[in-house]
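S.K.: Provided herewith is a single structure, encoded as structure tokens, for subsequent inquiry.
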Amino acid sequence: MSLRVLLSTSTNPWFNLAVEDTIFRNMPADQRVLFLWRNADTVVVGRAQNPWKECNTAKMEADGITLARRQSGGGAVFHDLGNTNFTFMAGKPEYDKTVSTNIVLNALKSLGIEAKTSGRNDLIVEDSLGERKFSGSAYRETMDRGFHHGTLLLNADLSRLANYLNPDPKKLQAKGIASVRSRVINLCELNANIDHEQVCEAIKQAFFTYYHEQAEPELISPESLPSLPGFAEKFATQSCWEWNFGHTPHFTHSLEERFNWGGVEIHLDVEKAHISRCQIFTDSLDPAPLESLSEILVGVVYTPAAFSGAVSEVAVAYPQYADQLKELQAWLTTSLA
């Protein structure tokens, strides 16, 4: 059978991304695969992105929002259960992302939604406000196969999208790929009855129509997983801190604050989410505690907890500056989130 359709009943982003990658690596080169899925309360960043630059990581942590890094490029997106995700896979030379895009457009047309593509791999509709985006895509290709995956905003909470994808301004210089923000729309504004199941059925039928072939959909979940060689290892990677945060490209972060005991300026070089270089400048009367901190921070992981631990270590060596260091600690942990 040349067609395969998989429907995930899991809303765990690490599970779904691990399934996607494992299927992609193991599928026969002559097979065409459709994978439909959705994630609960997640920010997904592109392979080359910096989550601290793209996301409000402090608010995400406070609200229990998962961070997931995908294998493909592109920008950061927020997923909740009002968002449907699709993945099309095929071997080369047949792989053609315009085919999968047209399948999605045809599916939406069957639901009464007239949409079109735009220049940045997006799907848009036009209304009185102009062009409005409801879908973004990313791609991945190897020597003999490729995949196209994307999002469809059905009835996502757009206020939460803005909350998590608008980071607090930081003096953070990053080499990674920056997201491009667009005016967005939920498809429920165009079809009030639209939902995940309806969209999945429409895409599935458009997929069958294009290839003139049918396939029995496979429901997959952590409890009902088809044979996927290497899945356990892939899931372990997909869900670990080292992949989601530690894979971040090199960046620098400059922080500056004035306390009543003196000004502090910190410059950090960060590689693979660990501090490779730290310089601290101060006009405080005794710079020794901050000089010690700059040495201790080298090699430390770039997290508020790790910074807090480093300051606590300095406070043990300089108990006479405990109050000052406590102020510094509170500022640093807030600034790094």
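The values are calculated or read from the model by the stated rules, or taken from the named source; none is laboratory data. These numbers come from a predicted model, not from an experiment. Methodologically, a virtual Cβ is constructed for each residue, glycine included, from the backbone with ideal geometry; neighbour enumeration extends over all protein chains shown. Keep in mind that these areas ignore ligands, DNA and RNA; they rest on the heavy atoms of the full protein, side chains included. Shrake-Rupley method; radii C 1.70, N 1.55, O 1.52, S 1.80 Å.
S.K.: Might you check whether a residue that is touching a helix residue (DSSP H, G or I) at 6+ places or on another chain (Cβ under 9 Å) and basic (Lys, Arg) occurs anywhere in segment 249-263?
M.R.: No, the conditions are met nowhere in segment 249-263.
S.K.: Test each condition in (1) open to solvent by less than 30 Å² (accessible area, probe 1.4 Å); (2) not in a helix (DSSP H, G or I) for GLU265 and report the one that comes out false.
M.R.: GLU265 satisfies all of (1) open to solvent by less than 30 Å² (accessible area, probe 1.4 Å); (2) not in a helix (DSSP H, G or I) except (1).
S.K.: Hey, can you tell me all the residues within segment 82-111 that are among the hydrophobic types (A, V, I, L, M, F, W, C) and not in a loop (DSSP other than H, G, I, E, B)?
M.R.: Correct list: PHE86, PHE88, MET89, ALA90, VAL99, ILE103, VAL104, LEU105, ALA107, LEU108.
S.K.: Return a yes/no flag: does segment 68-81 have any residue that is among the β-branched types (Val, Ile, Thr) and either assigned to a helix (DSSP H, G or I) or surrounded by fewer than 21 Cβ atoms within 10 Å (Cβ to Cβ) (or both).
M.R.: Looking for residues that are among the β-branched types (Val, Ile, Thr) and either assigned to a helix (DSSP H, G or I) or surrounded by fewer than 21 Cβ atoms within 10 Å (Cβ to Cβ) (or both), one finds none in segment 68-81, hence no.
S.K.: Right, another one. Within segment 45-64, is even one residue under 24 Å from ILE23 (Cα atoms), modelled with pLDDT of 95 or more, of a type in the set (Val, Ile, Thr) and touching a strand residue (DSSP E or B) at 6+ places or on another chain (Cβ under 9 Å)?
M.R.: No, there is no match, as no residue in segment 45-64 is under 24 Å from ILE23 (Cα atoms), modelled with pLDDT of 95 or more, of a type in the set (Val, Ile, Thr) and touching a strand residue (DSSP E or B) at 6+ places or on another chain (Cβ under 9 Å).
S.K.: Scanning segment 275-322 for residues that are over 38 Å from the mean Cα position of the chain (by Cα), part of a helix (DSSP H, G or I) and among the aliphatic types (A, V, I, L, M), which turns out nearest to LEU336 (Cα to Cα)?
M.R.: So, considering only residues that are over 38 Å from the mean Cα position of the chain (by Cα), part of a helix (DSSP H, G or I) and among the aliphatic types (A, V, I, L, M), the one nearest to LEU336 (Cα to Cα) is ALA322.
S.K.: Let me ask another. Any chance you could count how many residues in segment 82-112 are crowded, with 19+ Cβ neighbours inside 10 Å and farther than 20 Å from GLY146 by Cβ?
M.R.: Number of matching residues: 5.
S.K.: Please find, among GLU61, GLU20, the residue that is out of contact with any helix residue (DSSP H, G or I) (no Cβ under 7 Å at 6 or more places or on another chain) and open to solvent by less than 10 Å² (accessible area, probe 1.4 Å).
M.R.: GLU20
S.K.: I've got another one for you. Looking at SER221, SER239, SER284, which one is farther than 30 Å from GLY46 by Cβ, among the hydroxyl-bearing types (Ser, Thr, Tyr) and open to solvent by less than 50 Å² (accessible area, probe 1.4 Å)?
M.R.: SER284 is the lone residue from the list that is farther than 30 Å from GLY46 by Cβ, among the hydroxyl-bearing types (Ser, Thr, Tyr) and open to solvent by less than 50 Å² (accessible area, probe 1.4 Å).
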